Amino acid sequence: MDSKPKLVTGTAGYVLQDVPHLTDYIPNLPTYPNPLQNNPAYSVVKQYFVNVDDSVPERITVHSDSPRGIHFRRAGPRQRVYFDADEVLAAIVTCGGLCPGLNTVVRELVCSLYHMYGVKKVLGIDGGYRGFYARNTINLTPKTVNDIHKRGGTILGSSRGGHVTKKIVDSIQDRGINHVYIIGGDGTQRGASAIFEEVRKRGLKVAIVGIPKTIDNDIPVIDQSFGFATAVEEAQRAINAAHVEAESVENGIGVVKLMGRYSGFIAMHATLASRDVDCCLIPESPFYLEGHGGLYDYIEKTLKENGHMVIVIAEGAGQELVSESIQSTNKQDESGNKLLQDVGLWISEKIKDHFAKHKTMAITLKYIDPTYMIRAVPSNASDNVYCTLLAQSAVHGAMAGYTGYTSGLVHGRQTYIPFYRIIEKQNHVVITDRMWARLLSSTNQPSFVDSKCVNEDAKEDH
Ligand SMILES: Nc1ncnc2c1ncn2[C@@H]1O[C@H](COP(=O)(O)OP(=O)(O)OP(=O)(O)O)[C@@H](O)[C@H]1O
Ligand SMILES: O=P(O)(O)OC[C@H]1O[C@](O)(CO)[C@@H](O)[C@@H]1O
Ligand SMILES: [Mg+2]
């Protein structure tokens, strides 16, 4: 059975959704003074250690009569730790699709363990979850990871599928691993939660820590996932190319397909950043092609006014329309994620066919699909800083005996979030939210929705 959520309540409706601690199921664990107390880099910093009561609110927009609401435990170093440095054998694994910053997180986990806590035994698990069953692991030291943040991808390798909880925990137990840092998206965090439950059931002194990774930015609760900003930045190159191509010919249309299986954050942010995009189509906002207020109408109007246009489409957008014209295959990847039809190619053909058939105007359309280019690059400077803080927070938490949590940024503060909050749902663009309204007013595209049909319950402020 899954462990129960740990809730701490206080006055005025205060709720702390706390994370598990090793002492919840192992009594009388010895503690040690935090070695950072003797580290000149940290000991001079006033209030460096986090107060045990510090927590971060989930919602920061409040009214005078609002209850204090849900909070998460603030991340950071504690006065006392539950592991002696020599006792720790840490393992790091990267799972799921690539994302800029994976190598930075790996590097900073290794360096934080070594330099802050004096932990010398750190293993890299080769090729995702299935690597736990493999014979080989990769020895990680500050020297071997020194410049890996300059490279895209992950030096550890990654994979989809292959998660067998019991076999993974057997491997953790057999090897004597007692810190497990699991970097990955929603599927990975589900896997990490299952590993935590099994570890707890077996009563093992093993900290299981998740670090959220996804360029789709579809992990809930956290402000933004690492690598997302880099992916959005890289997407600008494709949009720029589409714009240059489109404005160089009469009635030129540039179509760019960007990643985003179920969430259109990359497309939305890339559009807002670029200002050259006239229409952004995302999975959360159904659209239609024909008739008044449809896409064809809008394209015709924009071309008449500007002579060219750029359309950005997220890979998961309009899948229901694609399935109407191409037979849906229901194919899945090894992790069980549905494999999508190529909506970029489909919409490009539809637009070309429409204008050829109706002969309203001659158009030239160029389709750009940067796919893996936006996630295979190394992380940019701000993502590198973000990855560093995430990794350091993850290590502080494990050393302090916390477990079963994802390390994440909430309103600009590092926190420890219980797995059940991370895996309960996916983060989506809320089309009744101000951010989408900002996009609509920047592109001037039709909203494709009838305001009367908007579900009031779906409204959320950002
Ligand atoms: N429900 C689950 N329980 C246990 N393991 C899971 C579950 N879902 C996925 N996994 C495992 O997690 C790993 C990664 O999952 P997935 O391929 O879905 O990528 P992800 O972590 O969601 O990242 P992304 O979607 O950003 O690429 C895989 O090894 C998969 O087997
Ligand atoms: O081809 P792969 O490796 O399965 O990855 C594709 C998927 O991974 C992601 O980048 C992250 O989930 C999605 O946007 C995309 O659909
Ligand atoms: Mg996923």
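The values are calculated or read from the model by the stated rules, or taken from the named source; none is laboratory data. Only a predicted model underlies this, so the values are computations on that prediction, with no experimental measurement involved. Glycine also receives a Cβ, built like all others from the backbone with ideal geometry; neighbour counts cover every protein chain displayed. Heads up: the accessible areas ignore ligands, DNA and RNA and are worked out on the full protein's heavy atoms, side chains in. Shrake-Rupley method; radii C 1.70, N 1.55, O 1.52, S 1.80 Å.
Determine which single condition Asp186 fails, assuming it passes every other condition in (1) among the charged types (D, E, K, R); (2) near ligand 1 (Cβ under 8 Å from one of its atoms); (3) closer than 18 Å to Thr403 by Cβ.
(3)
So which residues in the stretch 175-198 are in a helix (DSSP H, G or I), away from ligand 3 (no atom under 16 Å from the Cβ) and surrounded by fewer than 20 Cβ atoms within 10 Å (Cβ to Cβ), if there are any at all?
Arg175, Glu197, Glu198
Answer yes or no: is there a residue in the stretch 85-95 that is at pLDDT 95 or above, open to solvent by 90 Å² or more (accessible area, probe 1.4 Å) and more than 22 Å from Arg413 (Cα to Cα).
Within the stretch 85-95 (the criterion being at pLDDT 95 or above, open to solvent by 90 Å² or more (accessible area, probe 1.4 Å) and more than 22 Å from Arg413 (Cα to Cα)), the answer is yes, since at least one residue qualifies.
Of the residues that make up the stretch 239-246, is at least one at pLDDT 95 or above and of a type in the set (S, T, N, Q)?
Yes: the stretch 239-246 contains one or more residues that are at pLDDT 95 or above and of a type in the set (S, T, N, Q).
Which of the residues belonging to the stretch 146-174 are of a type outside the set (Ser, Thr, Tyr) and assigned to a helix (DSSP H, G or I)?
Ile148, His149, Lys150, Lys166, Lys167, Ile168, Val169, Asp170, Ile172, Gln173, Asp174
Looking at Glu233 and the list (1) surrounded by 21 or more Cβ atoms within 10 Å (Cβ to Cβ); (2) out of contact with any Gly (no Cβ under 6 Å at 6 or more places or on another chain); (3) under 26 Å from Thr388 (Cα atoms), which single condition is not satisfied?
That leaves (1) as the condition not met.
Just the residues that are open to solvent by 10 Å² or more (accessible area, probe 1.4 Å), over 20 Å from Ala85 (Cα atoms) and either free of Cβ contacts under 8 Å to residues at least 60 places away in the same chain or out of contact with any strand residue (DSSP E or B) (no Cβ under 9 Å at 6 or more places or on another chain) (or both), please, taken from the stretch 122-137.
Asp126, Gly127, Arg130, Tyr133, Ala134, Arg135, Asn136, Thr137
Show the residue pairs meeting these rules: Cβ distance below 8 Å; 6+ apart or different chains; first residue within the stretch 353-372 and closer than 9 Å to Asn251 by Cβ; second residue in a loop (DSSP other than H, G, I, E, B) and among the β-branched types (Val, Ile, Thr).
Filtered contacts from the stretch 353-372: Phe355/Ile363; Thr364/Val249.
Consider Asp433 carefully, then state whether it is out of contact with any Ser or Thr (no Cβ under 7 Å at 6 or more places or on another chain), open to solvent by less than 20 Å² (accessible area, probe 1.4 Å) and away from ligand 3 (no atom under 16 Å from the Cβ).
Spelling it out, Asp433 is indeed out of contact with any Ser or Thr (no Cβ under 7 Å at 6 or more places or on another chain), open to solvent by less than 20 Å² (accessible area, probe 1.4 Å) and away from ligand 3 (no atom under 16 Å from the Cβ).
This table checks each residue for (1) under 26 Å from Leu140 (Cα atoms); (2) of a type in the set (D, E, K, R).
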site: Ala12; (1), (2): no, no
site: Pro27; (1), (2): no, no
site: His71; (1), (2): no, no
site: Arg78; (1), (2): yes, yes
site: Leu98; (1), (2): yes, no
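Of the conditions (1) surrounded by 21 or more Cβ atoms within 10 Å (Cβ to Cβ); (2) within 16 Å of ligand 1 (Cβ to nearest atom), Ala270 fails just one. Which one is it?
Unmet condition: (2).
Of all residues in the stretch 339-352 being among the aliphatic types (A, V, I, L, M) and touching a residue at least 24 places away in the same chain (Cβ under 8 Å), which is farthest from Ala241 (Cα to Cα)?
Leu340
Just to be sure before I move on: is Val244 open to solvent by 30 Å² or more (accessible area, probe 1.4 Å) and within 16 Å of ligand 3 (Cβ to nearest atom) in the structure I sent?
So Val244 fails the test.
Which of the residues that make up the stretch 3-33 are in contact with an Asp or Glu (Cβ under 6 Å, 6 or more places away or on another chain) and in contact (Cβ under 8 Å) with a residue 60 or more places away in the chain?
Once the filter is applied, which keeps residues that are in contact with an Asp or Glu (Cβ under 6 Å, 6 or more places away or on another chain) and in contact (Cβ under 8 Å) with a residue 60 or more places away in the chain, the stretch 3-33 yields only Lys6.
With surrounded by 13 or more Cβ atoms within 10 Å (Cβ to Cβ) and in a helix (DSSP H, G or I) as the only criterion, which of Tyr42, Tyr48 stands out?
Result of the check over Tyr42, Tyr48: Tyr42.
Quick check: is even one residue across the stretch 151-158 within 22 Å of Pro212 (Cα to Cα), out of contact with any Ser or Thr (no Cβ under 9 Å at 6 or more places or on another chain), at pLDDT 95 or above and buried (at least 20 other Cβ atoms within 10 Å of the Cβ)?
The answer is no; no qualifying residue exists.
From the list Asp218, Asp223, which residue is within 16 Å of the chain's Cα centre (by Cα), more than 20 Å from Gly316 (Cβ to Cβ) and in a loop (DSSP other than H, G, I, E, B)?
Asp223 is the lone residue from the list that is within 16 Å of the chain's Cα centre (by Cα), more than 20 Å from Gly316 (Cβ to Cβ) and in a loop (DSSP other than H, G, I, E, B).
Looking for something in a strand (DSSP E or B), open to solvent by less than 30 Å² (accessible area, probe 1.4 Å), of a type in the set (A, V, I, L, M, F, W, C) and out of contact with any helix residue (DSSP H, G or I) (no Cβ under 8 Å at 6 or more places or on another chain) - is there at least one such residue anywhere in the stretch 383-399?
No - not one qualifying residue is present in the stretch 383-399.
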